[in-house]
Amino acid sequence: MQECPPDDLSVRITEVTRPNACVLALLGSTGAWNVTVLEQAFQNAGATGRPLVVDLSGLDFGDEVLLGFLLHAYTTPRGLVLLGPVTGAFARRLYRTGVDELFKTQQTLALALAQLPE
């Protein structure tokens, strides 16, 4: 197993409030070491009361904790769209768990915002 430098073991979360959405951009990797940061970001995004766009285009690795947060966000009435492409191990995780078809995924922020409720 190859060791990763500490910088690769982080998730940077950017919360940008748009007119009709909150955008969370995940960059790097999610895991047990940063679950608190991830949880806080999803809580803060939920507190806005706005539909949520989660940008996974900069995600290197997403674990089952991230999947759980996405599933929870999916069940809220405010709306959720993923901004992709969703690739690699996380795309396989979505497929293997059978939830890949649940999520709306768009390739650009403009398209993602257009899919959200007003």
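The values are calculated or read from the model by the stated rules, or taken from the named source; none is laboratory data. Computed from a predicted model, the values in this text were never measured in an experiment. Please note: Cβ atoms are built from the backbone with ideal geometry, for glycine as well, and neighbour counts cover all protein chains shown.
Output the residues belonging to the range 100-114 that are touching a helix residue (DSSP H, G or I) at 6+ places or on another chain (Cβ under 7 Å) and in a loop (DSSP other than H, G, I, E, B).
Scanning the range 100-114 gives ASP100, LEU102, PHE103.
Of the residues that sit in the range 75-99 and are under 12 Å from GLY58 (Cα atoms) and β-branched (Val, Ile, Thr), which one is modelled with the lowest pLDDT?
In this case the residue turns out to be THR87.
Return the only residue of ALA112, ALA91 being among the small types (Gly, Ala, Ser), in contact (Cβ under 8 Å) with a residue 40 or more places away in the chain and closer than 18 Å to LEU26 by Cβ.
On inspection, the qualifying residue turns out to be ALA112.
Residues of the range 49-70 being more than 21 Å from LEU111 (Cα to Cα) and surrounded by fewer than 20 Cβ atoms within 10 Å (Cβ to Cβ), which ones? Walk me through it before giving the result.
We begin by selecting, within the range 49-70, every residue more than 21 Å from LEU111 (Cα to Cα); these are 60-69.
The answer is ASP60, PHE61, ASP63, GLU64, VAL65, LEU67, GLY68.
Would you point out which residue out of PRO77, PRO117 is in contact with a Lys or Arg (Cβ under 8 Å, 6 or more places away or on another chain) and either within 16 Å of ALA21 (Cβ to Cβ) or outside any helix (DSSP H, G or I) (or both)?
Step by step, each of PRO77, PRO117 is checked, and only PRO117 is in contact with a Lys or Arg (Cβ under 8 Å, 6 or more places away or on another chain) and either within 16 Å of ALA21 (Cβ to Cβ) or outside any helix (DSSP H, G or I) (or both).
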